[in-house]
């Protein structure tokens with residue numbers, strides 16, 4: 001009888017842990033990041049593809065991105081990646097490398113809810129010359145970006161705010177002939193919401209999660225006037241609690257800057273290996 005009681009308690013605890021970790025799925029945003037990190041000592045591998053029609057060429061364009069994230073501990077996470085693209089030239093070529101770090105400095109956790117804050121910094125080295133007024137470290141320009149993320153989880157709904165500043169570090173920035181041709185600084189912002197639609201209740205680790213997202217993504221240039229605001233709905237499947245399949249569409253609501261495209265599709269696939277960085281005992 002005692003053994004049966006112990007087994008029942010262990011099973012209940014496992015279900016509580018599984019429910020608590022899985023309910024956070026709705027803050028795994030498709031176009032931005034939450035304040036939460038991947039689990040400590042874990043490795044996350046991600047592929048993402050962006051697809052659009054170029055405003056200048058009128059032809060289909062794409063960017064292929066691969067990245068790896070490392071959970072150092074519960075507060076620190078680092079990320080590195082690279083991109084190939086045909087967005088700035090007709091042929092698909094190597095485009096950029098990037099490196100990022102995130103530090104979660106505040107966390108107030110309760111049952112089925114939490115509030116978290118994190119600081120992050122990204123740096124990119126790109127072969128592209130400045131051509132457009134949209135600034136990012138996703139491969140478009142060489143530069144640095146730093147920001148603050150605030151994420152609130154309320155049972156099946158998660159809302160997040162991301163505020164950052166981007167600085168382009170390209171030699172043309174300091175050349176008189178190009179100094180006013182393009183913006184080299186911008187404030188970027190995102191307001192993201194995610195909702196866990198299925199399952200209604202959890203019974204095992206293999207259940208597929210279905211999450212719905214909508215994100216508002218914007219930018220305001222510094223030095224050169226102009227900005228834009230986009231809306232980006234997305235759908236996400238989580239398989240076996242560790243593999244995510246994402247599909248999203250981003251389109252401009254308003255804007256007065258020169259962009260390579262005002263609408264694009266995003267498809268991404270990623271998986272997490274728990275305890276992959278944990279040192280094995282001899």
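So here's what we get for this one:
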{"read-out": "Inter-probe distance in nm under a simple model that places probes 7 Å from Cα toward Cβ, at residue 92 and residue 235", "value": "2.5 nm"}
{"read-out": "Point-to-point label distance, residue 265-residue 148, nm (Cα→Cβ direction, 7 Å offset)", "value": "3.8 nm"}
{"read-out": "Computed E for residue 62/residue 112 - FRET, C-beta separation, R0 51 angstrom, nearest 0.05", "value": "0.85"}
{"read-out": "Cα gyration tensor of the chain - equivalent ellipsoid semi-axes, whole Å, descending", "value": "38, 19, 18"}
{"read-out": "Sequence of 114, 170 once ranked by neighbouring C-beta atoms within 10 Å, starting from the fewest", "value": "170, 114"}
{"read-out": "Burial ordering of 74, 108, fewest other beta-carbon atoms within 10 Å first", "value": "108, 74"}
{"read-out": "Förster radius 45 Å - calculated FRET efficiency between residue 178 and residue 212 (Cβ-Cβ, nearest 0.05)", "value": "0.55"}
{"read-out": "Sorted by Cβ density within 10 Å, fewest first, the residues 258, 94", "value": "94, 258"}
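Any read-out appearing in this document is the output of simple, stated calculations on the displayed coordinates, not a laboratory observation. Keep in mind it's a predicted model, so treat the numbers as computed, not measured. Backbone-built Cβ (ideal geometry, glycine too); neighbour counts: all protein chains shown.
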